[in-house]
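Colleague: Structure incoming, see below.
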Amino acid sequence: MHLALMLPVGASMWGLAQPWWEFVLRGLLVYGFLLILLRLTGKRQVGQLAPFDLVLLLVLSNAVQNSMNAGDNSVAAGFILVATLLAANGLMTWLTYRSKRAESLLEGRPQILLHNGVVDEAILASERITHHELMAAARQAGVTDLAQVAVAILETNGRINVIPKRADAP
């Protein structure tokens, strides 16, 4: 079958159906919207992908596709969107590197989940971390009893770091 017969009327591989700046604007709007929503869901979900979290991210990417490309499946539109998203991501990386305030706003702050063997239940609940997950992180650090933990910190990347008490500490 001839390729021209497979394309919708008026469609071409390189021709844009919308002005180039509209793809840039759409890409930035969707990027910002997703950034805000994913930031609001908490750092644990993004940093520690469970299978259902991975499926969610894949479905989200498909759900926002048409809002970014306005139904234009041309190669040029794809190139413009890729460049826009990479530029937006590069800008966010640069901002978080240059500004502590931007870093705190975009990435959050580390949270102390446990201090000197005492669990902060409020932070555990707000970050939606179970005692099982906290114990799993402790076991990875070689600790079997939370009383042996000096501090457990939920990092901004979603990882839980556990620092055991020193052997000579009470």
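Colleague: What FRET efficiency would be calculated for the residue pair Glu155, Leu29, taking the C-beta separation as r and a Förster radius of 35 Å, to the nearest 0.05? Working shown, then result.
Modeller: Numbers: r = 30 Å, r/R0 = 0.85.
Approximately 0.75, to the nearest 0.05.
Colleague: Next question. Quick one: if you stick a label point 7 Å off each Cα along the C-beta vector at Val55 and Gln18, how many nm between them?
Modeller: 3.0 nm
Colleague: Kindly write out, for segment 23-35 in residue order, the coupling ³J(HN,Hα) from the Karplus curve 6.51 cos²θ - 1.76 cosθ + 1.60 (θ = phi - 60°), rounded to whole Hz, with x marking Gly and Pro.
Modeller: 5, 4, 4, 4, x, 5, 4, 5, 4, x, 4, 5, 4
Colleague: Percentage of Cα-Cα pair distances in segment 111-164 greater than 19 Å, rounded to whole percent?
Modeller: Working: 158 of 1431 pairs.
Cα-Cα pairs of segment 111-164 separated by over 19 Å account for 11 percent.
Colleague: Taking 8 Å as the Cα distance limit and 6 or more residues as the minimum spacing, I'd like the relative contact order of segment 106-170 as a percentage. Walk me through the intermediate numbers first.
Modeller: On the way: 94 pairs, mean separation 24.4, N = 65.
About 38 percent, as a whole number.
Colleague: Once phi is turned into θ = phi - 60°, what whole-Hz ³J(HN,Hα) does the Karplus curve with 6.51, -1.76 and 1.60 give for every residue of segment 57-73, x standing for Gly and Pro?
Modeller: Listing the rounded values in order: 5, 5, 5, 4, 4, 6, 5, 8, 4, 5, 5, 8, 9, 6, x, 8, 9 Hz.
Colleague: Ok, one more. Taking amide hydrogens as modeled 1.01 Å from N in the peptide plane, which residues meet the under 5 Å criterion relative to Leu114, leaving out close sequence neighbours?
Modeller: Here the answer is Asp120, Ala152, since their amide H atoms fall under 5 Å of that of Leu114.
Colleague: Can you give me the distance in nm between label points at Arg166 and Thr41, each placed 7 Å from the Cα along the Cα-to-Cβ direction?
Modeller: Going from the Arg166 label point to the Thr41 one covers 4.2 nm.
Colleague: How large is the charge dipole for segment 111-164, taken about the Cα centre, if only the Cβ atoms of Lys, Arg (+1) and Asp, Glu (-1) carry charge, to the nearest 20 debye? Don't jump to the answer; show the numbers that get you there.
Modeller: On the way: 3 positive and 6 negative charges, 28 e Å.
Dipole about the Cα centre, nearest 20: 140 debye.
Colleague: For segment 89-100, just list the computed ³J(HN,Hα) in residue order, Karplus coefficients 6.51, -1.76 and 1.60, θ = phi - 60°, integers in Hz, with x standing in for Gly and Pro.
Modeller: Rounded to whole hertz, the list is 5, x, 5, 5, 4, 5, 4, 5, 6, 7, 10, 5.
Readers should treat all values here as calculations from the given coordinates under stated rules, not as data from a laboratory. Bear in mind the structure is a predicted one, so any value in this text is a computation, not a measurement. Because the Cβ atoms are built from the backbone with ideal geometry, glycine has one as well, and the counts that use them run over all protein chains shown.
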